[in-house]
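Readers should treat all values here as calculations from the given coordinates under stated rules, not as data from a laboratory. Because the structure is a prediction, the values reported are computed rather than measured. Using ideal geometry, Cβ is built from the backbone for each residue, glycine included, and neighbour counts are taken over all protein chains shown.
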Ligand SMILES: *Cc1c(COP(=O)(O)O)cnc(C)c1O
């Protein structure tokens, strides 16, 4: 197994959402991966601990990565790289304007170099653009390390392989077995690590991913391919089976990072009920999906469900005007 840096505050807490559990008639626990840090908060830092370690081992001086304007991943990368004395270039997809707020504000605050691209460029050639940015900078004496969208590649997946091991150890400590683990899926790396550790350690959990973009078929294939890459780094064999990858795509809503009024209402409901803040792009949609699936009787036989709160708080503030109070 690859080595990693130690940047995140782990193990992250697991707490029971008491009133939500009562509402749903099943125990809902929350793993607070939104509390992995302040600047580095969220799920991406677990993946970055492995990726950035490799960058440093290779003697790299600059990290190049990509995401949307409000990318949590780019912000966590800029923060973590800066902590390590490395520079960052963020290739950011712009859809409507470049208002300096939320995660993008923090990218600037950490002194990251920002390069913009259109949604078309992002879709068709983001890796090529990053590669070209790296080549130009390498010519000027830098040494660049490129991390793909969401750090969802084999090395990044190891971060959530380890998170699932952490969950298994916490089950022993608190004396609760989680039969079901639920997580938001945006680029697939988080689900990949959870899936592989669940299989490798024979935990027998149902791992449900709620897509926040694209569809189930796309993610099953994408996660299967991340799995295969991750297995190379793990150094032991785990069987990845596309048909076991469970992604629910019924709660994508009107599209990536776009919110429906009922989703924002739900974020308000959970905040009021539990004092827990979900984000509009990932965890709000995933928890809304879980809530509705349980209410509709679509998730049966579960006793203890663990919802992984993957963070995203900074992405809530640019949307605050959409809430009706
Ligand atoms: C990136 C992200 C996710 C999704 O994780 P993937 O590994 O990209 O599928 C979930 N929640 C938040 C807050 C994120 O930033």
Worksheet, complete the sentence: Dividing the mean separation of Cα pairs under 8 Å (6+ apart) by the residue count of the range 44-151 yields a relative contact order in percent of 36
Worksheet item: What translational diffusion coefficient, in µm²/s and rounded to a whole number, does the Stokes-Einstein relation yield for the range 1-86 at 25 °C and a viscosity of 0.890 mPa s, taking the hydrodynamic radius as the Kirkwood radius over Cα pairs?
Response: 170
Worksheet item: Just 120, 239, 229 to compare: in a GNM of the chain, with alpha carbon springs under 10 Å, which one fluctuates most?
Response: 120
Worksheet item: So for the chain, Kirkwood radius off the Cα pairs, Stokes-Einstein at 25 °C and 0.890 mPa s: how many µm² s⁻¹?
Response: 124
Worksheet entry | Translational diffusion coefficient (Stokes-Einstein; Kirkwood radius from C-alpha pairs) of the range 228-325 at 25 °C, 0.890 mPa s, in µm²/s | 157
Worksheet item: Roughly what angle does helix 189-200 make with the longest principal axis of the chain, taking Cα atoms, 0 to 90 degrees, to the nearest 10?
Response: 60
Worksheet item: Measuring from label point to label point, each 7 Å out along Cα→Cβ, what is the residue 201 to residue 250 span in nm?
Response: 3.0
Practice prompt. Specify the angular offset, from 0 to 90 degrees and rounded to the nearest 10, of the alpha carbon long axis of helix 261-274 from the longest principal axis of the alpha carbons in the chain.
Written response: 70
Item to complete: Report the label-to-label distance for residue 241 and residue 271 in nanometres (one decimal), using points 7 Å from each Cα along the Cα→Cβ vector.
Response: 4.3
Worksheet, complete the sentence: In a Gaussian network model of the chain with springs linking alpha carbons closer than 10 Å, the residue among 92, 306, 24 that fluctuates most is 24
Item to complete: Enter the angle in degrees (range 0 to 90, nearest 10) between the Cα long axis of helix 44-57 and the first principal axis of the Cα atoms of the chain, meaning the one along which they spread out most.
Response: 30
Practice prompt. Name the most mobile residue of 261, 148, 11, meaning the one with the largest mean-square fluctuation, in a Gaussian network model of the chain with Cα contacts below 10 Å.
Written response: 261
Worksheet, complete the sentence: Between residue 215 and residue 132, the two model label points (7 Å from Cα along the beta-carbon direction) sit apart by a distance in nm of 3.2
Discussion item. Give me P(r) over the range 44-151, computed from all C-alpha to C-alpha distances, binned every 10 Å, as integer percentages.
Written reply: 16, 51, 30, 3
Worksheet item: Roughly speaking, what is the centre-to-centre gap between the range 124-152 and the range 38-61 when only Cα atoms are used, to the nearest Å?
Response: 16
Worksheet item: What 222 nm value per residue comes from the helices of the chain, counting each DSSP H run with n ≥ 4 as -39,500 (n - 2.57) and dividing by all residues, nearest 500 deg cm²/dmol?
Response: -14000 deg cm²/dmol
